[in-house]
Protein chains: 2
Amino acid sequence: MKKLLSTKQQQFLDIIRRHVLIYGQSPSYTEIMDVLGFSSLGTVNWYVKTLIKNGYLNRTGTSNSKRALTLTETHSVSPRLPLLGLIAAGTPIEALENSESVEVPAPFVHPDNFVLKVKGNSMINDNIEDGDYIIVRKTQAAESGQAVVALVNGEATLKRYYPKTNQIELHPRNPDYPVIYINETDNFQINGIVLYSFREY
Amino acid sequence: MKKLLSTKQQQFLDIIRRHVLIYGQSPSYTEIMDVLGFSSLGTVNWYVKTLIKNGYLNRTGTSNSKRALTLTETHSVSPRLPLLGLIAAGTPIEALENSESVEVPAPFVHPDNFVLKVKGNSMINDNIEDGDYIIVRKTQAAESGQAVVALVNGEATLKRYYPKTNQIELHPRNPDYPVIYINETDNFQINGIVLYSFREY
DNA sequence: AATACTTACGGTTAACTTACGAGTATTTAG
DNA sequence: CTAAATACTCGTAAGTTAACCGTAAGTATT
């Protein structure tokens, strides 16, 4: 019977999981210390000992092996994100019922990220075409210059976001197409920031 | 349970993978030493011994065989492929000196695969633009309909490949652009098949 | 018989793990 | 509300190992 984890302990395990995903090796004690804001290695060691005792962590190799912490949970084999819907310019985003998921590069694995599949060639002015996939981070706010998935009067679009004093400018990737200007009379909502797009041949 | 690789060890394997892809043979110890900036062959030997012990490397042939290192292709935790060069339509492929590597989805990790970065907007008719990356499988032969990276009279291009009886047709992704016809007077060579393309925002 | 390469050995350093003792918050039991 | 247990933190220091260096002898190829 496993003991339940405290919030801090879960956080501790998350750090390790994430580090392994991104760098392919578990973090050193010092690295964990920095990330969690500890000022002592003893604290890290206390967590390690506690988590090993309770069956959430393992040390591989001999004692004193470096970066040898591994999670005991059956860690998800390949990094995937849920495919939440279909997107086409000029229509609302179409949600998908059945929960598919798509293989993505490990650093994009994050609870707020999801994948959309592009339908039709209506996004050609953003150099996105039928069948492409985009990885989106769900958020309402964006920085100037970021690529966003947004709903303008209920219609989906993928553009770079430039807020100005009186209006919002949406720039397509392809400079041959016009800039869209949003003012107060328009219904405008950011769905998320575009992080990555890919295409399988 | 395989030991995880350190960053340096991953880099070490990348060097070998890269060298095999470019030159068709594994690098000598001295060459590895130079690329990684070591000043001792002992260091190279230490890496080789360690990586063989942990099951990431093999020596083919008898002992003392030259350039006999081969990768045991396991799905490494952080899947990466070497970035071999820059490609722009209408010019030869430009090799990159320093050995970078790029994170890719795990299924694309394969000893014959590599990544090219697209330079300039000259491939816009293939819906590929400046800064995009493509994953290519090194091969001389392609099936009809596959997307290939090819050299036509010394100039790189990315097209779909359709061999016909008397000539070869190269179709761009964008149907608004013309089909290219290759005949015996042209110098034509397939560099590889395009598997995937991606873009970071 | 020279050249290019692999393999071996011993030594150094910085990075890393591990142990210990003690102190402070936070939760639980009476 | 108060004591006691538990969760968490600190600082330091000893012990190990990964990652280097230099050199040199052994082995195949030309």
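The values are calculated or read from the model by the stated rules, or taken from the named source; none is laboratory data. Since the model is a prediction, treat every value here as computed from it, not as a measurement. Quick reminder, even Gly has a Cβ in these numbers, built from the backbone with ideal geometry, and neighbours come from all protein chains shown. The protein model used for the area step is the full one, side chains on, heavy atoms only, and it has no ligands, DNA or RNA in it. Shrake-Rupley method; radii C 1.70, N 1.55, O 1.52, S 1.80 Å.
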Checklist entry - Compactness ratio of segment A:7-71: Cα Rg over 2.2 N^0.38 Å, N = residue count? => result 1.00
Checklist outcome for this item: So the carbon and sulfur contribution to the accessible area of the protein assembly as shown, 1.4 Å probe, in percent, is 50
Item to check | Pseudo-label separations to other copies for B:Pro178 - Cα-to-Cβ vector, 7 Å, nm | outcome: 3.2
Next on the checklist: Give me a comma-separated list of calculated 3J(HN,Hα) values for segment B:155-166, in order, Karplus coefficients 6.51, -1.76, 1.60 applied at θ = phi - 60°, integers in Hz, x for any Gly or Pro.
Outcome noted: 10, 6, 8, 10, 8, 7, 9, 10, x, 10, 5, 9
Next on the checklist: On a 1.4 Å probe surface of the protein chains, which of B:Leu151, A:Leu116 comes out largest in accessible area, and what is the full order?
Outcome noted: B:Leu151, A:Leu116
Item to check | Three-way shape call for segment B:73-190 based on the alpha-carbon gyration tensor, with the a/c threshold at 1.5 | outcome: prolate
Checklist entry - So what J values fall out for segment B:129-141 if you push phi through Karplus, 6.51 cos²θ - 1.76 cosθ + 1.60 with θ = phi - 60°, rounded to Hz, Gly and Pro as x? => result 10, 3, x, 5, 10, 10, 9, 10, 9, 5, 6, 8, 10
Item to check | Violating pairs (Cα-Cα greater than 31 angstrom) within the set B:Lys53/B:Lys138; A:Lys159/B:Lys117; A:Lys53/B:Lys3; A:Lys66/A:Lys117 | outcome: A:Lys66/A:Lys117
Checklist outcome for this item: Order by accessible surface, 1.4 Å probe, largest leading, for residues A:Thr70, B:Thr91 comes to B:Thr91, A:Thr70
Checklist entry - On average, how much accessible surface per residue is there in segment B:7-71, in Å², for a 1.4 Å probe, leaving out ligands, DNA and RNA? => result 55
Item to check | Amide H contacts under 5 Å for B:Ala89, placed H, 5+ residues apart | outcome: B:Ser122, B:Met123
Checklist entry - Could you work out the helix-only [θ] at 222 nm for the protein assembly as shown, with each DSSP H run of four or more residues adding -39,500 (n - 2.57) and the total divided by the number of residues, to the nearest 500 deg cm²/dmol? => result -6000 deg cm²/dmol
Item to check | Sorted largest first, extent of chain B alpha carbons per principal axis (Å) | outcome: 56, 39, 32
Checklist entry - Which distance in Å, rounded to a whole number, links the C-alpha centroids of segment A:122-168 and segment B:172-199? => result 31
Item to check | In segment B:76-184, trypsin sites (Lys or Arg not before Pro) in a DSSP loop with at most 12 other beta-carbon atoms within 10 Å | outcome: B:Lys164
Next on the checklist: Buried accessible area between A and B (1.4 Å probe, both chains summed, ligands and nucleic acids excluded), in Å² to the nearest 100?
Outcome noted: 2700
Item to check | Using θ = phi - 60° and Karplus 6.51 cos²θ - 1.76 cosθ + 1.60, couplings along segment A:48-59 (whole Hz; Gly, Pro as x) | outcome: 4, 4, 5, 5, 5, 4, 8, x, 9, 9, 10, 10
Next on the checklist: I'd like the orientation of helix B:7-23 relative to chain B: the angle between its Cα long axis and the longest Cα principal axis, in ° from 0 to 90, rounded to 10.
Outcome noted: 50
Next on the checklist: Using amide H atoms built in the peptide plane, which far-off residues or other-chain residues are under 5 Å from B:Asn191 H to H?
Outcome noted: B:Val149, B:Ala150, B:Leu151
Checklist entry - How large is the convex hull of the Cα atoms of the protein assembly as shown per residue, expressed in Å³ as a whole number? => result 206
